[in-house]
Amino acid sequence: MILALFLTRFIPFSAFFRNVDTLVHELSHALVTLVLSGKVMYIHLFSNQAGVTYSSYTEQWMTIPISLAGYMGSSLFSLLLFLLYARRKEKAGLIIAAVLAVAGVALFVRNGYGMTWCAGFAALTAVIAAMAPIWLRHGYYLLIAFIVLVESVISPFVILSNAILSTGSAGDAANLGKATFVPAFVWALLFTAFSLWCAKMSTGLLFKRGFGQKT
């Protein structure tokens, strides 16, 4: 994990791909909102890998599953990418990532940077999935998978730190704290523990297959 953190932070243009995790996080909020018959007004994605989902819903208790969905959705998406990798389904994983970006820009993402990013990422990923040689598709897939893995673990730790030092800036954990009698840092601990469990499962799947391209 430490090696993955180092590599994904120093690879050129890695910042561009870190928004994959942000997109999945915000789409997870949006999906649960819709499942609960709420309304998603819009999603904004930013160049600093921040994101926000503006939504409305009828019952206060709905704050809980909606707030839980973001970090847990990101962690589960990371696990899905490595599960597909273990099954040698990289092309399917890239198609899923591209479809999410297309769905994002078509349905929810409404700020200039976010729309441009979604369109660019979807186009690049679709081209690589459809036309790139196997070695390039393999490397591109691992780049995305590792970046999503690292971001899905780092983000809960940031929220945990914020929850301890400044509860109001703890994002989803703060929202959960307001909606329940459970302090924000406890929710942040839950996010962190879940992300670490998913990361453990993901790395297990990675080493089960290894880094080779051949079947």
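A short reminder: the numbers here are calculations on the coordinates, not readings from a lab. Just so it is clear, the model here is predicted, and its values are computed rather than measured. Reconstructed Cβ throughout: ideal geometry from the backbone, glycine too, with neighbour counts over all protein chains shown.
General remarks:
- Separation of alpha-carbon centers, the stretch 65-109 and the stretch 178-203, rounded to whole Å: 19 Å
- Mean residue ellipticity (222 nm) of the chain, computed from DSSP H runs ≥ 4 via -39,500 (n - 2.57), nearest 500: -25000 deg cm²/dmol
- Were the residues from residue 59 through residue 201 laid out at 0.36 nm apart, the gain over their Cα-Cα distance would be 47.6 nm.
- Unit charges on C-beta of K, R, D, E only; dipole of the stretch 2-209, Debye: 600 debye
- Summary value for the chain: 25 percent relative contact order, contacts being C-alpha pairs under 8 angstrom separated by 6+ residues.
- FRET E, pair residue 193, residue 106, Förster distance 41 Å, beta-carbon r, rounded to 0.05: 0.75
- Exposure proxy ranking, count of Cβ atoms within 10 Å, fewest first, for 116, 22: 116, 22
- Think of the chain as having a plus end and a minus end, set by charges on the Cβ of Lys, Arg, Asp and Glu; of 50, 68, 131, 131 sits farthest toward the positive end of this dipole.
- Förster radius 30 Å - calculated FRET efficiency between residue 208 and residue 136 (Cβ-Cβ, nearest 0.05): 0.80
- Residue exposure proxy: 63, 33, 125, ordered by other Cβ atoms within 10 angstrom of their Cβ from fewest to most, comes out as 63, 33, 125.
- Kirkwood Rh, angstrom, the stretch 88-206 [1 / mean 1/r, Cα pairs]: 16.3 Å
- Along the axis of the charge dipole computed for the chain (Cβ charges of +1 for Lys and Arg, -1 for Asp and Glu, origin at the Cα centre), the listed residues 41, 204, 157 are led at the positive end by 204.
- Legend: ranking of residues 117, 135 from fewest to most surrounding C-beta atoms inside 10 Å; resulting order 135, 117.
- Charge tally around residue 152: other residues with Cβ under 11 Å, Lys/Arg +1 each, Asp/Glu -1 each, net -1.
- Most fluctuating residue given options 93, 73, 120, as computed from a GNM of the chain linking Cα atoms under 10 Å: 120
- Cβ-Cβ FRET estimate between residue 34 and residue 88, R0 fixed at 41 Å, reported to 0.05: 0.80
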